[in-house]
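The values are calculated or read from the model by the stated rules, or taken from the named source; none is laboratory data. Model, not experiment: these values are computed from the prediction. Please note: Cβ atoms are built from the backbone with ideal geometry, for glycine as well, and neighbour counts cover all protein chains shown.
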Amino acid sequence: MAEAARREVAQHPAQWVKAQGLAMPLWLKRAVVVVLLLAVAGAALGPLEKRAWMQVRALQPELRLGELEGALGQGVVLGLLGGFRAIVADFVWLEAHSAWEEHDPARVEGLLDMTTSVDPRPLFFWQNKVRMLALDMPMWELRRRGGFQGMPEAARREMFTFYAHRGLAAADEGLQFHPDEPELIEYKAMIYNTRLSDKAKAAEFYRKAAAIPGSRVYFARAAAALLDEVGRTQEAYDYLNAYYAAMTGLNAVQDAGYQRQLRELKAKLSPEDLQD
Amino acid sequence: MRRAFRQLWLLARNTFVEAVRQKFFHFVLLLGVGLVGSAQFFRQFDFGASELKFIFDFGFGGIWMFGSILAVVASVQLFYNEIEQRTALTLLAKPVYRGVFVLGKFLGVAALLLVFMALMTSLLAGVLYLREQALMEAGGKVWAAEGAMDYQGLVFFAVLQWVRLLVVAAMTFLMVSLSSTYLYAVIVSFLGMMIGQLRYLVQEYGKEEVSVVLGSVLKLFSWVFPNLQLFNVGEALVLHSAGETLGMGAVAQIGGYGLLYIGVFLVIGVWVFRGREL
């Protein structure tokens, strides 16, 4: 009997499978074949797609983020919202601004994060995010805790330092999308100077900002002034002198400002040259 | 052969005429026109991005959204109408080959999408041109050098978007060949389109260290679905202020990729439809 069954399976395998109820339904067979055919076609088209994709990807900075999580997040937003992400981000920004007027730090921060996640392209969002985190929120916290009189200095300094580092982190995040943007680098310099009292670091960032073509005229002067304040006057003079020599297109007021600062630095270096 | 071409032409023409008479098409067109036209109003809410960039992004976002709805729903509707009304049986008994039937329907939908894209792109180009002129008058030569639009690039971009919509339509035709109900075909087609939009993320994730099994699954996934994000090249083609441009070689590669995928979906769709009982 067993021998007869084995012979039947060997001679008519498809009918045996069908009789046992093991046959794949037709729709499933078709679906599997379709998937396989698409996979073969997709693999064949892979090299063409890869060549084109490398060029397209290079044009989208939000997909070239170092962290995979960030890149995936941006990718989902870009894939689903497409051209509408700008308007969605704008409305989220309006909501964030409304929360800012109410001095609600948790809501402001959440909405700012959402704004820059949805559309990281406008520099405006990053500038305001850095300012709100580093400058506005510590003042709200200070008022909440009773102002300068109500809060001990050590606690106040710790609180300002905390928010300053939040602002710096936001600036670093923004620089991933806008690497050649001098204003974000300037904000870092401003935070180091006014919130963290690290003038040397602030000077370093002002110099970085000044080195970018098209940056503001006063960045180099600010760097030199801060270097002078930390006792590196010779370095300040050499830097500003070289920068001024290479500059073009200054108006009369700007030119006079540079010359005055150079004279002041030079006077500090060699007092006998004070009289021109 | 000549008869097959004539049948193809007749089917495509009748499909196109039937489609443009449908209220759904008028509704989608009206919504699209309204959205593109309102880009001028919504620019009041723009913060930081250049005006023309915002209008361009918003306009083409609307065109893509309504275009993809039209591509899916019109394809399913025009196909299933023939089957539900039994006119497909009459046609196929003429005889009209099943491949000619599917291809004719697809060409009709392609013509519909071409009309849609042409109308919407013309409207958006008009809106952009008027705003550009106003900005140039206000900003002068400095603005003109930095912010001008590339209208030739806009035409190429519109053609690429049309090809992208055709890929979605061809994918829909494949789903329709497999599906037995209208609603199922629409839902699965929209899902396929969304997966196509997000599919490039699978490639990015696959570059990370993953297990062999997961890596194989991701690879299979990336082969089955087309990469629709490849067509997202508006900034490089149209906006000079973007700084970087895309060469015609890359545009041709993207267009070629789309056309090849259309062919793949249609060939497989015809093969499935040939084995289907009506």
**OP:** For residues that are under 15 Å from residue A:39 (Cα atoms) and buried (at least 17 other Cβ atoms within 10 Å of the Cβ), scanning just segment B:196-217, find the one that is modelled with the lowest pLDDT.
**Re:** B:203
Original post:
With (1) buried (at least 20 other Cβ atoms within 10 Å of the Cβ); (2) closer than 27 Å to residue B:235 by Cα; (3) within 14 Å of chain B (Cβ to nearest Cβ); (4) not β-branched (Val, Ile, Thr) as the list, and residue A:170 as the residue in question, which single condition is left unmet?
Top reply: (3)
**OP:** Select from segment A:187-225 the residues that are over 17 Å from residue A:163 (Cα atoms) and crowded, with 22+ Cβ neighbours inside 10 Å and list them in ascending order.
**Re:** A:203, A:205, A:206, A:209, A:210, A:219, A:220, A:221, A:223, A:224
Original post:
Does at least one position in segment A:14-32 carry a residue that is of a type in the set (A, V, I, L, M) and at pLDDT 85 or above?
Top reply: yes
Subject >> Subset of segment A:84-115 that is within 11 Å of another protein chain (Cβ to nearest Cβ) and not aliphatic (A, V, I, L, M) - its residue that is nearest to the chain's Cα centre (by Cα) >> reply: A:115
Original post:
Applying the selection to segment A:223-235, what residues are in a helix (DSSP H, G or I) and within 14 Å of residue A:201 (Cα to Cα)?
Top reply: A:223, A:224, A:225, A:226, A:227, A:228, A:229
Original post:
Is it fair to say residue A:51 is touching a Phe, Trp or Tyr at 6+ places or on another chain (Cβ under 9 Å) and at pLDDT 80 or above?
Top reply: no
Subject >> segment A:208-222, residues that are in a helix (DSSP H, G or I), more than 20 Å from the chain's Cα centre (by Cα) and closer than 16 Å to residue A:245 by Cα >> reply: A:218, A:219, A:220, A:221
Subject >> All helices (runs of 4 or more DSSP H) inside segment B:211-278 with 1 or more residues being under 24 Å from residue B:58 (Cα atoms) >> reply: B:234-238, B:248-274
**OP:** Would you please list the contacts, defined by Cβ atoms under 7 Å and residues six or more apart or on different chains, that run from a residue in segment A:33-62 that is more than 7 Å from every other protein chain (Cβ to nearest Cβ) to a residue that is buried (at least 18 other Cβ atoms within 10 Å of the Cβ) and outside any helix (DSSP H, G or I)?
**Re:** A:62/A:120
Original post:
Of the residues A:38, A:59, which single one is at pLDDT 85 or above and under 18 Å from residue B:228 (Cα atoms)?
Top reply: A:38
Original post:
With B:231, B:190 as the choices, which residue is away from chain A (no Cβ under 11 Å) and either more than 19 Å from residue A:30 (Cα to Cα) or surrounded by fewer than 20 Cβ atoms within 10 Å (Cβ to Cβ) (or both)?
Top reply: B:190
**OP:** Working only within segment B:1-58, note down all residues that are modelled with pLDDT under 80 and outside any helix (DSSP H, G or I).
**Re:** B:1, B:46, B:47, B:48, B:49, B:50
Subject >> Flag for residue A:125 being out of contact with any Pro (no Cβ under 9 Å at 6 or more places or on another chain), of a type outside the set (Ser, Thr, Tyr) and either under 30 Å from residue B:230 (Cβ atoms) or within 14 Å of another protein chain (Cβ to nearest Cβ) (or both) >> reply: yes
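For every residue, the table says whether it meets (1) acidic (Asp, Glu); (2) part of a loop (DSSP other than H, G, I, E, B); (3) touching a Pro at 6+ places or on another chain (Cβ under 8 Å).
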residue: A:136; (1), (2), (3): yes, no, no
residue: A:154; (1), (2), (3): no, no, no
residue: A:165; (1), (2), (3): no, no, no
residue: A:171; (1), (2), (3): no, no, no
residue: A:174; (1), (2), (3): no, no, yes
